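What follows is a short report on a single structure.
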Amino acid sequence: MARAHRVALISTFFTALWALVFFKVFLVPGLDEAAVSQIWPLIPWWLLVTFGSYSLWSLGWGLFTFRDCPEAYEELMHEISQAKDDLRTKGITVD
Amino acid sequence: MVGLFVDPVPPILTVVQGAGDKLLGGTMLVTAAVVFTYYTTWAMLLPFFDSSSEIHNFFPPREWAVRLPAIILLVGVSAIGAFVFNTIIKEKRKKQRQARLRTA
């Protein structure tokens, strides 16, 4: 099964579980009703915020640990200008 | 010959650029950690505290724990939509201008 299918299946399963408890079809055993009624509706929003925080962390970490390599930079800039010239001769507009 | 050879960046500037990256990256890391911890406490842990407890003074009323992410989500999606829309309009105008130049 492809990863996308697996992810879709698992998230559908947990969404269904969440919805069932949200609409009071089931009750989560062993959890205090009052606290659950306050926390449960916030779970999707918490997931969204967690996803955003994780993304920000991930970007920040990449930036923080990025190693500069000046020769690769010069080589890359040269290759970019070569590629742009090549595309221009073939009639494609490049900034 | 069309196309310029880009001047190489002097080594001093690359070191300074690295510092800027580290600073920005570090800021993002700290922000992400703070946002996650604050929001988790706000949304998930506060209901377990007595309503007379002092911890509630550090947080806005809990309706905002839903409204804030909802507003940010709306604004974010609108911004993305506006950017996509803008890009499409620009490309269309460019195509019209090129078509006009060709027929002129």
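Answer yes or no as to whether residue A:63 is among the aliphatic types (A, V, I, L, M) and farther than 30 Å from residue B:22 by Cβ. Explain how you work it out, then say what you get.
Details: among the aliphatic types (A, V, I, L, M): yes; farther than 30 Å from residue B:22 by Cβ: no.
Considered against the rule, which asks whether it is among the aliphatic types (A, V, I, L, M) and farther than 30 Å from residue B:22 by Cβ, residue A:63 comes out as no.
Taken residue by residue, region A:64-71 has no member that is among the aromatic types (Phe, Trp, Tyr), more than 9 Å from every other protein chain (Cβ to nearest Cβ) and open to solvent by 70 Å² or more (accessible area, probe 1.4 Å). Selection over region A:13-32 of residues that are open to solvent by less than 90 Å² (accessible area, probe 1.4 Å) and either in a helix (DSSP H, G or I) or touching a Cys at 6+ places or on another chain (Cβ under 9 Å) (or both) gives a count of 8.
The single condition from (1) more than 8 Å from chain B (Cβ to nearest Cβ); (2) open to solvent by 90 Å² or more (accessible area, probe 1.4 Å) that residue A:87 fails is (2). Residues in region A:32-54 that are without any contact (Cβ under 8 Å) to a residue 12 or more places away in the chain, within 22 Å of residue B:73 (Cα to Cα) and more than 8 Å from chain B (Cβ to nearest Cβ): A:47, A:51.
Suppose we keep only residues that are over 20 Å from residue A:37 (Cα atoms) and over 23 Å from the mean Cα position of the chain (by Cα) within region B:56-88. Which one would you say is most open to solvent (accessible area, probe 1.4 Å)? Full working, then the answer.
Step one: of region B:56-88, the residues over 20 Å from residue A:37 (Cα atoms) are B:57-58, B:71-88.
Restricting the remaining residues to those that are over 23 Å from the mean Cα position of the chain (by Cα) gives B:57-58.
Details: B:57: 125, B:58: 152 Å².
Within region B:56-88, the match that is most open to solvent (accessible area, probe 1.4 Å) is B:58.
When region A:60-77 is filtered for residues that are at pLDDT 90 or above, in contact with a helix residue (DSSP H, G or I) (Cβ under 8 Å, 6 or more places away or on another chain) and not hydroxyl-bearing (Ser, Thr, Tyr), the ones remaining, listed by number, are A:60, A:61, A:62, A:63, A:64.
The values are calculated or read from the model by the stated rules, or taken from the named source; none is laboratory data. Treat the numbers as computed from the prediction; the structure is a model and nothing was measured. Here the Cβ is made from the backbone with ideal geometry for all residues, glycine too, and neighbour counts use every protein chain on show. Note: areas computed on protein heavy atoms with side chains; ligands, DNA, RNA excluded. Shrake-Rupley method; radii C 1.70, N 1.55, O 1.52, S 1.80 Å.
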